Amino acid sequence: MKTLLFSLLLSVLCCQAVSGQSSSPAVIDSLQQQLALTSPHDTLRVLLLDELCWNLSHSDLPHARRYAEQGIALAQKLNYLSGEARCHNDLGTCLTLAGSADEALGEHLAALRIFRKLGMEKSMGYAYNGMANCHTLHHHFDTAETLYNKALRLAEQRRDTADQALFLSNLADLTWQQGRVNKANQYIRRSLDLYTALNILSGQANSLFTLGKVQARQQQPDSAQANLLEALMLYRVLGDEYGLSGTYTTLSAVLLTQQHPRSALEAAQLGMRYARQVGSPERLQNAFQQLASNYSALGNYRQAYRMQQQFQALRDSLVTDVNTRAMAALQSRHDTHAQQNRIRLLTQREKVTQLRADRDEDRVRLLGVIVGGLLLFVVVGSVLYGQLLRSRRELAAQHQLVADKNVALERAAHELRQLADSKDRLYAIIAHDLRGPVMAFTGVTELISFYQRTNDQEGLRHLPELVRESAQNLSSLLDNLLNWAVSQTGEISCQPERLSARELLSECYELFQTTAHSNQVQLQYEVPSHLALYADHNMVRTILRNLVGNALKFTPTGGTIRLQATLDTTDPTQICISVTDTGPGMPINQLKQVLHPRQPQLRASDSGRPTQGTGLGLQLCRTFAEYHGGTLGMSAGPEGGAMVWVTLPSASQTLEVEIAPLLRGVPLHAYAPLEKTVALG
């Protein structure tokens, strides 16, 4: 009687299955009409495409996929991130239903990145759920459970009961596949209670379907059958062909355990019909496998073999490693009375293979954990090593910065010392060199008074010469002071031009001839008429005045001073101008110190007075010579005394072309003078 009632109920469901639709045509038509009326550049079009994808995902996968792909392309064109993410997520669902788990996982990951960027936690939960479904297809159950729990935690934080029920239902299905039946029973009953409280039919149907599978695994066929039949009623109301296919297939297995092979076969055939309409490889292979079991139970081994063969072929296209030898054994013995034993043997072999596969999978998982740990160790070590290198570089940079600051401080201290030295030298010059000419004028006034009292006419006649000499010394000193001060500030500019060497030496000769005659010193100059310099006129005159003035100070009565200009024997592009006297000369140690800019120099004079000075004149000569790229040096004269010489550029055409652009009109502070060694002996 019970069997008869069940057959009648199954017949009613079969009639409904033939006349039903998987999705409401009215809903699909309405969405398509709205899509036709929407502007191609409106974000609403993206949402309509996504809705069409979702509504067709369980009935028409090819069209659903095309709608999702169109929505993604349009959202990217409109820069509509949330719409793009929704389309990615729903496309991943379609690909999962089609069995393309790897491709689906990529779509869900793309959706998750956008949802996380936009802070859409609810949608992030759906993305985690889709990723978990992909890993479930690959039997990566641990990863799938982690992702389901992430989605569940997000729903619990938002107090979203509907999402909690969805993720609990998926966790129940996952733990059922792992064989954790008690845990699956807890998850699915919580999910069913939440869906019932919310009156969500689709959720109730899915929960009842999963609960039926769990109860079938717990050897509770009556309870499983009742829940599966209730799920079928709800799926029929909803028009969910995907749910109907899975429920019919599971119901077939339950009926087979209850020894109702005919009813079980009818249920399996309905499951196959809906699986074909949906196009889900997962549902198809489950239906093929169940049909094989049903035909085998009815003794139709040939048909059982055909179903098993199609199941294995489909399994080969989605998974790997099909047991072809077992299929060959089933084919060779399908027409014998031992068919049932062979099928049992095949089942046992499959179980052994599955156990070995599970063992291999555990080994692979363990190996993956070990490799992952090693990779994590390598990554952490690399990060720590990178931080150590960065710390070392930062420390080196700080040391370099401190060193640079120390160098800058030392440079500043050096400049301050130079300023202090310049100040001390200026004070020494004023205190010493200016005092001499001023005292000379004081002495002249005393001589005037003395000669007037004694009526010494001869002495009065010599007074103008003394006044003129003192004035010349004072003028020369002031000129040197002014040039030195300007050269220290760097504001003096060099204006090179072509100068006749003969005219320069002749001018200097005329300037000092009277002074030399009054000191009874013979002044001579020698220069070829064709020699010409390329230099600043005022600087060269200053150099010559200082060199000749120094020579007059140290040349005794009856001595000789010679001015000479020749081509430099070591460098034809330079002209050497020398001033040679017949004074007392200088020892080697004083020759090395005479150009020292910090100390006053002392040189004995045969005239009976020691002549001490700051060395300002020679320092100024050296500075002006180096501004022209030349040098200043001192050595002993060929006939005793001292010889001071400077080298200056020749006015040859080649040199003028090379030097003129560099020197003409350029302030002296704009470039550093050439560093050259001064020859001293």
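Each reported figure results from applying straightforward, stated rules to the coordinates on display, with no laboratory input. None of these values were measured; they are calculated from a predicted model. Here Cβ is always computed from backbone atoms with ideal geometry, including for glycine, and neighbour counts include all displayed protein chains.
Quick look at the values:
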quantity	calculated
Pair list, Cβ under 8 Å, 6 or more apart: the range 362-389 residue in contact (Cβ under 8 Å) with a residue 40 or more places away in the chain, other residue assigned to a helix (DSSP H, G or I) and acidic (Asp, Glu)	ARG365/ASP142
Residue in the range 161-176 that is farther than 22 Å from LEU238 by Cα and surrounded by fewer than 19 Cβ atoms within 10 Å (Cβ to Cβ) present	no
Wholly enclosed helices (runs of 4 or more DSSP H) of the range 31-105 bearing at least 3 residues under 24 Å from GLN285 (Cβ atoms) and in contact with a helix residue (DSSP H, G or I) (Cβ under 7 Å, 6 or more places away or on another chain)	61-78, 81-97
Verdict on ASN79 being touching a residue at least 40 places away in the same chain (Cβ under 8 Å) and under 35 Å from the mean Cα position of the chain (by Cα)	no
Residue count, the range 203-225 (criterion: surrounded by fewer than 24 Cβ atoms within 10 Å (Cβ to Cβ), in contact with a Leu (Cβ under 9 Å, 6 or more places away or on another chain) and over 15 Å from SER169 (Cα atoms))	4
Cross-chain or 6+ apart pairs with Cβ under 7 Å, the range 130-150 first and on the phi < 0 side of the Ramachandran plot, then part of a helix (DSSP H, G or I) and among the β-branched types (Val, Ile, Thr)	GLY130/THR93; GLY130/THR96; ASN133/THR96; CYS134/THR96; HIS135/THR143; LEU137/THR96; ALA144/THR136
Pairs where the first residue, in the range 236-262, is at negative phi and the second is charged (D, E, K, R) and part of a helix (DSSP H, G or I), C-beta under 6 Å, 6+ apart	SER245/ARG283; GLY246/ARG283; THR250/LYS213
Only one of ARG262, ARG283 that is in a helix (DSSP H, G or I) and surrounded by fewer than 20 Cβ atoms within 10 Å (Cβ to Cβ)	ARG262
Of all residues making up the range 33-56, the number that are in contact with a Phe, Trp or Tyr (Cβ under 9 Å, 6 or more places away or on another chain) and of a type in the set (Ser, Thr, Tyr)	1
Matching option when the condition is part of a helix (DSSP H, G or I) and touching a Gly at 6+ places or on another chain (Cβ under 7 Å), among ALA132, ALA165	ALA165
Qualifying residues in the range 148-164 (those that are touching a Phe, Trp or Tyr at 6+ places or on another chain (Cβ under 7 Å) and among the hydrophobic types (A, V, I, L, M, F, W, C)) - the one farthest from ALA184 (Cα to Cα)	ALA155
Criterion (under 23 Å from ASP60 (Cβ atoms) and assigned to a helix (DSSP H, G or I)) met by exactly one of ALA205, ALA253, ALA224, ALA197	ALA205
